[in-house]
Structures are given as C-alpha cells and as structure tokens.
1. Quick one: in the stretch 156-176, which of the residues that are surrounded by fewer than 19 Cβ atoms within 10 Å (Cβ to Cβ) and assigned to a strand (DSSP E or B) is nearest to the ligand (Cβ to nearest atom)?
2. Enumerate the helices (runs of 4 or more DSSP H) found wholly within the stretch 83-155, keeping only those where 3 or more residues are more than 12 Å from the ligand (Cβ to nearest atom) and surrounded by fewer than 24 Cβ atoms within 10 Å (Cβ to Cβ).
3. Could you tell me which of the residues ASP175, ASP246, ASP157 is more than 30 Å from ALA301 (Cβ to Cβ) and at pLDDT 95 or above?
4. Given the options VAL27, VAL23, VAL68, name the one that is under 17 Å from the mean Cα position of the chain (by Cα) and either crowded, with 22+ Cβ neighbours inside 10 Å or over 17 Å from TYR250 (Cβ atoms) (or both).
5. Does LEU238 satisfy the condition of being of a type outside the set (D, E, K, R), outside any loop (DSSP other than H, G, I, E, B) and more than 27 Å from ALA43 (Cβ to Cβ)?
6. When the stretch 201-212 is examined, which residues are found to be within 11 Å of the ligand (Cβ to nearest atom) and either surrounded by fewer than 19 Cβ atoms within 10 Å (Cβ to Cβ) or at negative phi (or both)?
7. Out of ASP124, ASP144, ASP76, ASP116, I need the residue that is modelled with pLDDT of 95 or more, acidic (Asp, Glu) and more than 30 Å from ASP223 (Cβ to Cβ). Which one?
Amino acid sequence: TDLFDAPDFYCLDDLLTAEHKLVRSAVRDFVKREMTPIVEEYAQRCEFPRQLVPKFGQIGVFGATIPVEYGGGGLDQISYGLMTQEIERGDSGMRSCVSVQSSLVMYPIWAFGSEDQKRRYLPDLAKGKLLGCFGLTEPNHGSDPGSLETNFIERSDYYVLNGSKLWITNAPLADIAIIWARNEQGKIRALIVPCDSDGVTVGDIPNKWSLRASSTGQLSFQDVRVPKENLLPEAYGLKSALRCLDQARYGIAWGSLGVAMECYEVARRYALERVQFRKPIASFQLVQKKLAEMLTDITQAQLLCWRLGTLKNEDKATTAQISMAKRNNVEIAQRVAREARQILGGMGIVGDYPIMRHLMNLESVSTYEGTHDIHLLILGSEITGIPAYK
Ligand code: FAD
C-alpha cells in the first residue's frame, strides 16, 4: 500500500465530494513531496522550515475558507479540515503555522476587519508573502486570557501599545501580529501590529522538546505607535478572540486525527514486517488488540470531524461541540501515538520513524488553544450551566 494511505473503516470517503477528495490528494501529495523529506531534520535542529510558507500559499492552504475575492480559497469547512488533517500527518508544527495564518490571522481580518484592511492584507497572507501571528496569551494569563494586561491608549492619530505576549506561534518570523489588548475603557480590542515597528521586541523560545519544527516566541511592546487604521473595527471583547479560537480548534480536531492516522499506518505496516519468535509481531493478540483499538479510536474521531464540519458549513457548530472534538481527537491521537511507539519497540524512539516526534508534538497540541482540562470544563459548563473554571 501507498505510504500515505489512510484508514477509512466506516467508508467516510463515500460522504466526501469530488472536490473534497481532490483537495485532500493535492495536500497529501504536497506533504509527501515537500514536507516529509525535510521535516525530521528541521525538528531535530529545532528550526522552522521558513521556505515552506510561500509553498503553502501556492497550494492554497492559507485562508482556504476565505472568499476568493480576498485571495482565499473559497472552500468549505470539510475541505479545510482535510487540509489540516493531511498537513498534520506530516507534522503538528507545520499545521500550527497553517492554523495561525488561516484561522487566527486571516479569519479575524476577514471577520472583524475593515474593507481596506481586508484588501490590504488578505491576498498577501493567502500567498504566503506575509506571515502573521496571533497574540492573546501573556506571561501571566494563559487559560484566563480575559484578564490580559497588554493595553493601548489613544493619541491624536495613533495608538500607543504597551505589554507583552508569550508562547506566540510564528512570532519570531512574522511580519504582522494580531494583538489583543485593552483600550482606555478596559475593553479588549484587536490591533494589526507590524512586527518591525519601533518598540516591538521579538524573542525566540529555544530548547522546546515539542513542536520543534515550529517557531514559538515572545513579543514585547514598549510605547509602540500603531496607526489608528490598524484597529480591527468589529472585534469587541474576548468573545471575538474566542471566535478565532473556534476556527483554529476545529482545524486541530482534524489535524490531530491526521497524526493518529499516520501513527496507526506506520505501526500497522511495521507489525506486519517485523518478525519475532519466527512470526510477524502482527500475529500476536496483544499487538492486534492495540491495532484494533487504534482503528476504533480513529474511526470515532473521523465521525466527529465529519459531522462537525457539516455543522460548521451550516454555521451551526457550537463552541462546546468544537471543544469536544478538539479534546477528544487530541486525546485519541496521544493514545494512538503511544501505542504505535510500543509496537515499534526500540525503533519507536528514533527519527527514522515519525512516531516520537508526533508524540512530543501532541503535548503542545493538548495544551494550546485551550488545555485538555479547560475543554473538559467547557463541556461541564455546557452540561450543567455552571462554569467551574471561573
Ligand atoms: P495555565 O493557564 O497556567 O495552566 C496550567 C495548568 O492549570 C493547566 O493544566 C490548566 O489546564 C490548569 N488550569 C488553569 N486554569 C484552570 C481552571 N480554572 N480549572 C482547572 N485547571 C486549570 N497563545 C497565543 O495567544 N498564540 C499562539 O500562537 C500560541 N501558540 C502556542 C504554541 C505553543 C507551543 C504553546 C505551548 C502555547 C501556545 N499558546 C499560544 C499559548 C497557549 O494557548 C497556552 O499555553 C494555554 O492557553 C495554557 O496557558 P498556560 O500555558 O499559561 O497555562
């Protein structure tokens, strides 16, 4: 079988359109051709392959759901999900870059921006000529971003921004940052901040053991002058930031499914080839149990993704539904990756196989965009009407 064959035990392909399948195979081929050959090396070096950014632009993964008139792909949510699934089969760090650019930079400009802002930024972001980042988290405010302290005050024809952001994907390489900050009335708003503005300091977060092929950084702002036209006019309060996170978390639900598929396929093939006690290890019941449970996990995650995508296409997906899918699918991916690592024995820990890289990446994926426990509490709040996290 082809290295990139995907499990499809419940024939979900029957529910996809010809366009969905075309999009998936285009991105799958891209990952196989451009990412897989280099990503391990970049991850080992703890470096982001910046040269992929314009290539992501060329294949249309940036802003896939943004209307064509703004340079986007005009595709539906299932297509976008399938794209993130395929990219994350390659690496979660690459998918993080795509999620940030599409869901956390292009989406807010499209949803909350002025016509001028949309025309000025979206086409170049779609092409990968500009790279963006999204600054919500701060050193003292992670799970509780509503308490953020970064702020701006109004001067005659500009704003003055002060504060800092931590754990910002793409920050060390980004051209622009969407920064969530408080105005003088204490209200949370969003600004498009050029990263080369005077007073912006960008730092790298070195020595990560997870998402090593992704660039993560910190931003600090000291009396940064931001033109007034860079305020996103329709972004009001934390709820606007959370709408962006809903988009990104949806992509993560599909992406982590992609990791699970990849680990399962690698483990299945390995188990059929690896001989111990004069038999392929796939013939042992304990290995079959692992594979059977992995496939069951994957099938459940596929069903969640597909249904969530159709709800999203109808603009009916709720935050709690997205939380369930993000949380569940990251958890199944972690379980599948761990089992795959066991099946590969010692080979499971080396870079010749992608398993350990995926396993380490998933540690970040289960923390960012709302931690595993916070998503559980969002569900708890949905069920009971009582938000236990506040
Ligand atoms: P904390 O909020 O301090 O949480 C620590 C622990 O306490 C967690 O286990 C959490 O579940 C638990 N906890 C907190 N509050 C509660 C509660 N009420 N009830 C129960 N348990 C609780 N942010 C951005 O804005 N932009 C980015 O691009 C971005 N990229 C990231 C990339 C990476 C690699 C990482 C690791 C993070 C990134 N983040 C980004 C930040 C990410 O969203 C935060 O790390 C996350 O929200 C958790 O915040 P924290 O790390 O401050 O942990």
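1. Restricting to residues being surrounded by fewer than 19 Cβ atoms within 10 Å (Cβ to Cβ) and assigned to a strand (DSSP E or B), the top hit is TRP167.
2. 107-112, 115-127
3. ASP175
4. VAL27
5. yes
6. Correct list: ILE205, LYS208, TRP209, SER210, ARG212.
7. The unique qualifying residue is ASP76.
For every residue, the table says whether it meets (1) away from the ligand (no atom under 16 Å from the Cβ); (2) under 22 Å from VAL259 (Cα atoms); (3) among the polar types (S, T, N, Q).
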{"position": "ILE281", "(1), (2), (3)": "yes, no, no"}
{"position": "LYS326", "(1), (2), (3)": "no, yes, no"}
{"position": "ASN329", "(1), (2), (3)": "yes, yes, yes"}
{"position": "GLN334", "(1), (2), (3)": "no, yes, yes"}
{"position": "GLY346", "(1), (2), (3)": "yes, yes, no"}
{"position": "HIS358", "(1), (2), (3)": "no, yes, no"}
{"position": "SER366", "(1), (2), (3)": "no, yes, yes"}
{"position": "GLY380", "(1), (2), (3)": "no, no, no"}
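The values are calculated or read from the model by the stated rules, or taken from the named source; none is laboratory data. Quantities reported herein were computed from a predicted structural model and do not represent experimental measurements. Cβ atoms come from the backbone with ideal geometry, glycine included; neighbour counts cover every protein chain shown.
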